[in-house]
1. Can you name the condition, by its number, that Ser164 falls short on among (1) open to solvent by less than 30 Å² (accessible area, probe 1.4 Å); (2) at pLDDT 85 or above?
2. Name the residue, out of Ala176, Ala154, that is open to solvent by less than 80 Å² (accessible area, probe 1.4 Å) and at pLDDT 85 or above.
Amino acid sequence: MGINFLLLFLTAMFAGLLVFFAPVFRDKYFKLVLVFAGSYLFSITILHIIPELFAAGYSNGEMGLYILIGFLLQQLLEFWSSGIEHGHIHKHQSETSKGVLTLMLGLFIHAFLEGTLLSHGSVIGADQVNLGHVHNNKTVLLGIIMHKGPAAFALAAVLSASLSKRWTFALLTLFALASPLGMFSSSFFIDNGLLSKEGIGILYGLVTGGFLHISTTIFFESSPHHKFQLNKLLVTFLAAGLAMISEYLI
C-alpha cells in the first residue's frame, strides 16, 4: 500500500505543479489528456469494477441502486467543486474563503471515496476473495491516477488565479492526500471488522456511480457542439484499448 500511497500523492502534486512550470500544457494538451483519462476510467468501470461488484454476491437490484445513488451523489458534489474533478478550468467563487471551503470539501470527499477502492481487503481486485476472474488492483489504481492528474491540474489552475502560490500549494497537498487517506481508512475499517460486507458494497457502489458520472461528463463536454474531431476519437479508442488490454491480457 505504500507504493500506492506514493503514486496517488505524487501524481496529484506533479500534475498540479505543472500549472506553474508548464502553463502552455493547459492550452495544447490538457483536453486530450482529459479525454484519454475519461475514456480509460469509463472503460475500466464497465469492464472491471461493475462486473466484480455484481460477482461479489450482492443482488443486482441492490448494487444497481447503490451505483445510481453514487451517480446522483457526484452530481451534488459538483455543486461544491464546480466540476473540477472532470477538468473544468474557469473562474470559480474561490475569491472568498467560503468559495475555497466548498470547493475543497467537494473535491476532498470525492477523492477520499475513490481511494477506498484501493484498500487491500476490498472486493475490487482483492486476491484473497474467491470471485473467479479477479485481478489485483493495478487496473483500478491506473484509472484513478489518470483521473487524479487532470483534476489536480484543474484545481491548481483555479486556485492560483485568486490565491498565493503558498496557499495553492497547501490546498493542492491536501487534495493529493485525500485518496491515500481513503485507501488507508477503508483498509483499517475492513481489517478490524468495522465495515460489514453490506457496508462495503454500499461504499463501492457509490464510488462506481461517481466514476460513471465523471467519465460520461468528460465525453459530453469534450464535444459540446457534436463536431467530429479525429484526434479526440483516436484518443478515446486508444484509452479504451488500453483498458481492454489491462483487463484481459495482463
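1. For Ser164, the exception is condition (1).
2. Working: Ala154 fails: at pLDDT 85 or above.
The match here is Ala176.
The values are calculated or read from the model by the stated rules, or taken from the named source; none is laboratory data. Here the structure is a predicted model, which is why all the values come from computation and not from measurement. Areas reflect the complete protein model, heavy atoms only, side chains present, ligands, DNA and RNA absent. Shrake-Rupley method; radii C 1.70, N 1.55, O 1.52, S 1.80 Å.
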